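The values are calculated or read from the model by the stated rules, or taken from the named source; none is laboratory data. Here the structure is a predicted model, which is why all the values come from computation and not from measurement. Cβ placement follows ideal geometry from the backbone for every residue including glycine, while neighbour counts extend to all protein chains displayed. Surface areas here come from the heavy atoms of the whole protein model, side chains and all, with no ligands, DNA or RNA. Shrake-Rupley method; radii C 1.70, N 1.55, O 1.52, S 1.80 Å.
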Amino acid sequence: MSATALHIAFDVDQVRRHFPILKREVKGKPLVYFDNAATTQKPVEVIDALSSYYQYFNANIHRGIHSLAEEATAAYEATRDTVQQFINAKQREEIIFTRGVTESINLVAYTWARTNLKAGDEIIISGMEHHSNIVPWQLITEMTGAKLKVIPVDDNGELMMDEFHKLLSEKVKLVSVVHASNSLGTINPVKEMIDAAHKIGAIVMLDGAQSTVHLDIDVEELDCDFFAISSHKVYGPTGIGVLYGKRALLEAMPPFMGGGEMIKDVTFEKTTWNELPYKFEAGTPNIADTVALKAAIDFVQRIGKKQIRLHEEELLRYATKELQNIDGIRLIGQAKQKVSVASFVVEGVHPQDLGILLDNQGVAVRTGHHCTQPLMNRFGIPGTTRASFAMYNTKDEIDVMIAGLHKAIKLLR
């Protein structure tokens with residue numbers, strides 16, 4: 001099917017035809033895929049882009065003078081331009097390709113933070129962070145003597161903003177928070193946080209792993225200093241991500257890794273660094289997956305983020321209502337502003353047992369702590385069952401999950 005054949009009006013049946021994996025069965029039942037916060041499925045356009053690269057123009061990029069190298073370089077750099085436009089970055093040099101959000105956060109931690117922090121400085125994160133936005137900062141505080149401060153989370157799964165403002169002081173040099181929670185779906189008031197942090201001279205990093213696929217991202221309007229993206233959450237391949245950074249900050253930061261591509265001149269006495277963005281892209285990059293990321297973003301933009309978001313919001317409202325009608329289910333995270341994530345526990349039932357029985361019905365959900373153990377500890381639970389929705393999901397699929405839950409709970413109690 002041609003990508004240009006998509007209708008302007010959102011048609012979930014038509015959208016689903018772009019995702020070949022949705023035709024398969026699991027344990028004899030049609031696949032219902034509700035693990036989208038972990039990774040999204042891939043449209044045929046992304047699969048074709050990967051195949052096309054290896055079939056027709058596989059070559060190493062940037063330094064080759066032959067045709068294949070020039071074609072591969074053009075395709076790779078076209079993705080940088082697409083990402084720049086997708087998040088409204090001012091300059092293409094502000095788009096750094098990484099392996100994902102984890103590497104993007106570590107890049108900032110090991111370059112900007114290790115260079116600029118000292119004993120007594122403070123870093124603020126929140127109580128709903130993914131481990132990838134906790135552990136790098138813990139490592140940096142051990143190296144520098146800086147301290148980690150945590151914004152608490154209330155019973156609805158929202159940040160306690162009055163406590164955030166109390167934490168702000170001249171000691172704070174960096175605020176690094178998740179834009180949208182992978183465990184609860186909470187959308188944090190990041191614009192308010194960025195403005196407040198800037199008033200005291202701190203810089204702000206946003207973990208956009210979950211928000212990029214659901215929300216319109218405008219880094220210029222947000223005025224964030226760094227923004228991290230994972231391709232595979234936006235219908236693209238795994239193993240490729242993006243770090244956006246303001247040019248002045250990136251220029252001042254030392255390289256993250258040494259090797260080919262990131263250098264200008266090398267002698268045994270001294271090495272000078274390449275210009276942005278290549279200073280932070282050492283070695284042969286993940287060319288094929290970067291090329292295919294463009295196909296994923298193009299696909300999302302052709303359908304339209306607003307239409308996708310409206311569809312997902314309707315799914316979340318429907319799922320929330322149906323889950324609340326099941327005796328013994330407690331929703332974890334009922335923030336006013338959420339992306340399409342429904343996280344819940346069932347009284348007397350372990351999430352893992354629930355996940356196994358739902359899988360027997362063909363329903364893929366995520367169970368456990370979702371790499372947010374401190375958040376689970378906040379709610380006094382070992383983990384949740386999480387259903388997260390994407391553009392290709394339907395209310396009929398939610399009905400299948402609800403029926404599966406009734407059956408599973410009856411067996412487990």
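With the whole protein complex present, Met253 retains an accessible surface near 10 Å², based on a 1.4 Å probe. The simple Förster model, with R0 at 30 Å and r as the Cβ-Cβ distance, assigns Lys147 and Asp223 a FRET efficiency of 0.75. Here segment 28-84 is treated with +1 on each Lys and Arg Cβ and -1 on each Asp and Glu Cβ, and its dipole about the Cα centre works out to around 220 debye.
On the accessible surface of the chain, probed at 1.4 Å, how many percent belong to carbon and sulfur atoms?
Values: 9040 of 17590 Å².
Here carbon and sulfur together make up 51 percent of the probe-accessible area.
With the charge dipole of the chain set up from +1 on Lys and Arg Cβ and -1 on Asp and Glu Cβ about the Cα centre, the Cα lying farthest toward the positive end among the listed residues Phe34, His62, His130 is that of Phe34. Converting the Cα gyration tensor eigenvalues of segment 224-326 into ellipsoid dimensions via √(5λ) gives semi-axes, longest first, of 40, 15, 12 Å.
Accessible area per residue of segment 277-413 at 1.4 Å probe, in Å²?
On the way: 5650 Å² over 137 residues.
Result: 41 Å² per residue.
Computed about its Cα centre, the charge dipole of the chain is approximately 680 debye, with only Lys, Arg, Asp and Glu carrying charge at their Cβ. Direction-averaged projected area, Cα convex hull, segment 81-203: 8.0 nm², rounded to one decimal. Structure remark: mean-square fluctuation, Gaussian network model of the chain, C-alpha springs under 10 Å; the largest value among Tyr278, Tyr392, Tyr56 belongs to Tyr56.
Considering only GluC sites (Glu not before Pro) in DSSP loops that have at most 11 other Cβ atoms within 10 Å, the longest stretch of the chain without any of them is 1-169. Taking a ≥ b ≥ c as the square roots of the Cα gyration tensor eigenvalues, segment 186-252 comes out oblate, since a/c reaches at least 1.5 and a/b does not exceed b/c.
Could you calculate the contour length gain from Val26 to Val135, that is, 0.36 nm times the residue separation minus the distance between their Cα atoms, to one decimal place in nm? If you can, show how the numbers build up before the last one.
Details: separation 109, 0.36 × 109 = 39.24 nm, distance 3.56 nm.
Length difference between fully extended and current span is 35.7 nm.
Simple point charges give the picture: +1 on the Cβ of Lys and Arg, -1 on the Cβ of Asp and Glu, and for segment 94-237 a dipole about the Cα centre of about 600 debye.
Each label point was placed 7 Å from the Cα along the Cα-to-Cβ direction; for Glu70 and Gln307 their separation is 3.8 nm. In segment 284-324, whose amide N lies under 19 Å from the spot 7 Å out along Cα-to-Cβ of Ala403? List them in ranges. In segment 284-324, the label zone of Ala403 (backbone N under 19 Å from the point 7 Å along Cα→Cβ) covers 318-324.
Taken one residue at a time, the phi angles of segment 159-174 give Karplus couplings (6.51, -1.76, 1.60, θ = phi - 60°) of 5, 7, 5, 5, 5, 4, 5, 5, 6, 5, 7, 5, 6, 6, 10, 8 Hz. Gly and Pro are set to x. Every pair of different Cα atoms in the chain enters the Kirkwood calculation, which places the hydrodynamic radius at 22.4 Å. Extending 7 Å from Cα along the Cβ direction at Glu314 and again at Leu167 yields two label points whose distance is 3.8 nm.
Here Lys173 is the anchor, and the lysines within straight C-alpha reach of less than 20 Å, apart from those fewer than 8 places off in the same chain, are Lys118, Lys147, Lys149, Lys191, Lys199, Lys246. Dividing the convex hull volume of the alpha carbon atoms of segment 1-123 by its residue count gives 214 Å³ per residue.
If you model segment 234-281 as an ellipsoid using its alpha carbon gyration tensor, with each semi-axis the square root of five times an eigenvalue, the axes come out at 25, 14, 7 Å, biggest first. Long hydrophobic helices in the chain: the complete DSSP H runs spanning 18 Å or more by Cα along their own axis with mean Kyte-Doolittle hydropathy of at least -1.0 are 67-87, 287-303, 395-412.
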